[in-house]
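The next block holds one structure in the form of structure tokens; read it before the comments.
The values are calculated or read from the model by the stated rules, or taken from the named source; none is laboratory data. Since the model is a prediction, treat every value here as computed from it, not as a measurement. Note: ideal-geometry Cβ built from the backbone for every residue, glycine included; neighbour counts use all protein chains shown.
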Amino acid sequence: MKFWKSLSNLMEETLPDWRDKFLSYKDLKKQLKLIYPKDGDKPLNKRPRLDDDQMESGEVEKEVIDFVRVLEDEMEKFNSFIVEKEEDSVIKWKELQDRAEKAKDSSEELMKVGREIVDFHGEMVLLENYSALNYTGLVKILKKYDKRTGALVRVPFIQRIMQQPFYSTHVLNKLIKECESMLDHIFSRKEPLVSPQITDEISGHETETSTESSERSLRIPTELPEIEYMESMYVKLTLSALRVLKDIRSGSSTVSVFSLPPLQKAPGYLQVFSDGSVKRFASETVPDSAGSYSDGFKFKDVVIDSSKPITARLFVPDHQGSASQLPVVVYFHGGGFCICSTTWLGFHHFLGDFSVASQSIVLSVDYRLAPENRLPIAYDDCFRSLEWLSNSVSSEPWLKQADLSRVFLSGDSAGGNITHQVAIRAVRSKISPVQIKGLMLIHPYFGSDKRTKKEMSEGARGDVAMNDMYWGLSIPEGSNRDYFGCNFEMQDVSAAEWSVFPAVAVYVAGLDFLNERGVMYAQFLAKKGVKEVTLVESEGQNHIFHVFYPKSEATLVLQQQMSEFMKIH
């Protein structure tokens, strides 16, 4: 509530004409209480979902119609405001472009115009957050209405919302990108553009997450805790953008487009800006060693496909014992499809040590990352690594002991998801002489529009918000969480294909918020007729613990379990 109060106060100071343009949530809640007082009675039996024909024909109770009409009035308020703002903004932007063109020979005048463009950009970002915040407010009040009345108004009404002008941010997104392009020409990036005050303002007000995409289809949250969390998130983002806009208008500092918070942010890992540009923060990495031995294994980097580009790191144990040939593990790293690399220290140590423990050759693939390369590109790249393996076994010296009749696919988190997809492609497209004997999915990253119990728990909020962001950045634009790459139940695989699916080991962590997803995946495979499915849990451990703690006892146990799985297949 404190953020709503701060937002209201700052809106009054900075943009007073906006103050009555937001959802009248308190009034709607009061009306709901008057119609359906909360007196301890159980909710009414649920009624059928309402469509437009039912609303027109009067087949539903008057109070339902009245409440929906109030919501429609609110939507009309949003639409009128956003359409008017967009029309004014298009005109204003044309004027700013003309002024910038005329002022190109005058540094002083150009900087003046540049400052106005920054102000204009700030208002566009604020309008994007306005759209998201009001959308979430509507979803929240609809959820409360359905819960209290037993009606099912929310789903059909949300379908209407998604067709409204205020819901679409295409015009705003286009203006934001054009602003940023113009500012690139006006301001020199070699000079400090962001004042310390503004940088502190952004970083100090909890802007860790944001809308799923600028040109977005906003998620439809289903549970009240999730809705309230999304609402809180958008309030904070709007508040942060408004604070920055106030600083811009105060004239107290040198500013640029980069004064405003990124549209998506994973602290310490990733920032995505409204023009589509991405800034990643690399973890500690291990450079290519050119084949030197370290900790009982040697490693080097190879090029899978220079045109993409796709690269990989090969790990080979120092002492192969009596084995003349070694099995091959093709590994896909995690990172929500958006971050990480096999060169990261945690992956490097885990995979190098695993090559020793399992006495195998490990090929760990660096596929192209989202959002620049959305799914299914990661699947394409990783399947390409199998083709490279098949074609390179005779020419790559490090593969001279590779036994391609015993190939295993493995990966953690998003890499576990990739493992599943590559296996399906391999079943459909034989890659001689590669024979896949088994899959080892570590804490696999799957999802759907429906939350699991653990994902809805209080302690998982931060993880789930980050999870939502990564899915929004990685699945194809316009798709939802029932995209086949997210929801394994949505993929069309025949019974014949499942019958020849390789043996599968699914490794889950007891404290992982994705634990249930891994269990559900194993159960799904068994139900589909996959001949061998093994589920193994690391009790008391969290998501990808083996990457964060590659030398821990729990990681050693995991490596032993995976090695045993390989020995029997």
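See the values below:
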quantity: Whichever residue in the range 50-79 is surrounded by fewer than 15 Cβ atoms within 10 Å (Cβ to Cβ) and either touching a Pro at 6+ places or on another chain (Cβ under 9 Å) or part of a loop (DSSP other than H, G, I, E, B) (or both) and, among such residues, is modelled with the lowest pLDDT; calculated: Glu59
quantity: Boolean, Leu314 is of a type outside the set (Asp, Glu), out of contact with any Cys (no Cβ under 9 Å at 6 or more places or on another chain), at pLDDT 95 or above and assigned to a strand (DSSP E or B); calculated: yes
quantity: Flag if Met520 is over 29 Å from Leu326 (Cβ atoms), of a type in the set (A, V, I, L, M, F, W, C), assigned by TED's automatic domain parsing to the domain that holds Pro317 and surrounded by 14 or more Cβ atoms within 10 Å (Cβ to Cβ); calculated: yes
quantity: Residue within the range 497-504 that is in contact (Cβ under 8 Å) with a residue 60 or more places away in the chain, buried (at least 21 other Cβ atoms within 10 Å of the Cβ) and either in a helix (DSSP H, G or I) or not assigned by TED's automatic domain parsing to the domain that holds Asp468 (or both) present; calculated: no
quantity: Members of the range 127-156 found to be among the hydrophobic types (A, V, I, L, M, F, W, C) and at pLDDT 80 or above, listed by number; calculated: Leu127, Leu138, Val139, Ile141, Leu142
quantity: The range 378-394 residues that are more than 13 Å from Gln435 (Cα to Cα), paired with ones that are surrounded by fewer than 18 Cβ atoms within 10 Å (Cβ to Cβ) (beta carbon under 6 Å, 6 or more apart); calculated: Asp381/Arg368; Phe383/Arg425; Arg384/Asp305
quantity: The range 166-177 residues that are more than 17 Å from Asn134 (Cα to Cα), paired with ones that are of a type in the set (A, V, I, L, M, F, W, C) (beta carbon under 7 Å, 6 or more apart); calculated: Leu175/Trp93; Leu175/Met124; Ile176/Met124; Ile176/Val125
quantity: Cβ pairs under 9 Å, 6+ apart, first in the range 540-551 and within 11 Å of Trp344 (Cβ to Cβ), second part of a helix (DSSP H, G or I) and of a type in the set (Phe, Trp, Tyr); calculated: Val547/Phe347; Val547/Phe350; Pro550/Phe347; Pro550/Phe350
quantity: The listed residue being among the small types (Gly, Ala, Ser) and touching a strand residue (DSSP E or B) at 6+ places or on another chain (Cβ under 9 Å), out of Ala554, Ala496; calculated: Ala554
quantity: Test: residue in the range 464-481 that is modelled with pLDDT under 95, in a loop (DSSP other than H, G, I, E, B), of a type in the set (Asp, Glu) and touching a Ser or Thr at 6+ places or on another chain (Cβ under 8 Å); calculated: yes
quantity: Total residues in the range 553-568, condition surrounded by 15 or more Cβ atoms within 10 Å (Cβ to Cβ) and under 16 Å from Ile361 (Cβ atoms); calculated: 4
quantity: Count of residues meeting criterion [closer than 28 Å to Ser405 by Cα, touching a helix residue (DSSP H, G or I) at 6+ places or on another chain (Cβ under 8 Å) and in a helix (DSSP H, G or I)] in the range 482-496; calculated: 2
quantity: Complete set of residues in the range 349-407 that are part of a loop (DSSP other than H, G, I, E, B) and within 27 Å of Ser563 (Cβ to Cβ); calculated: Gln359, Ser360, Tyr367, Val393, Glu396, Lys400, Gln401
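Yes or no, residue by residue, for (1) among the basic types (Lys, Arg); (2) surrounded by fewer than 22 Cβ atoms within 10 Å (Cβ to Cβ):
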| position | (1), (2) |
| --- | --- |
| Lys94 | yes, yes |
| Asp98 | no, yes |
| Ala103 | no, yes |
| Ser106 | no, yes |
| Glu116 | no, yes |
| Ser131 | no, no |
| Tyr135 | no, no |
| Arg148 | yes, yes |
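Conditions tested, residue by residue: (1) more than 30 Å from Val557 (Cβ to Cβ); (2) surrounded by 16 or more Cβ atoms within 10 Å (Cβ to Cβ).
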{"residue": "Ser306", "(1), (2)": "yes, no"}
{"residue": "Thr311", "(1), (2)": "yes, yes"}
{"residue": "Trp344", "(1), (2)": "no, yes"}
{"residue": "Gly352", "(1), (2)": "no, yes"}
{"residue": "Val365", "(1), (2)": "no, yes"}
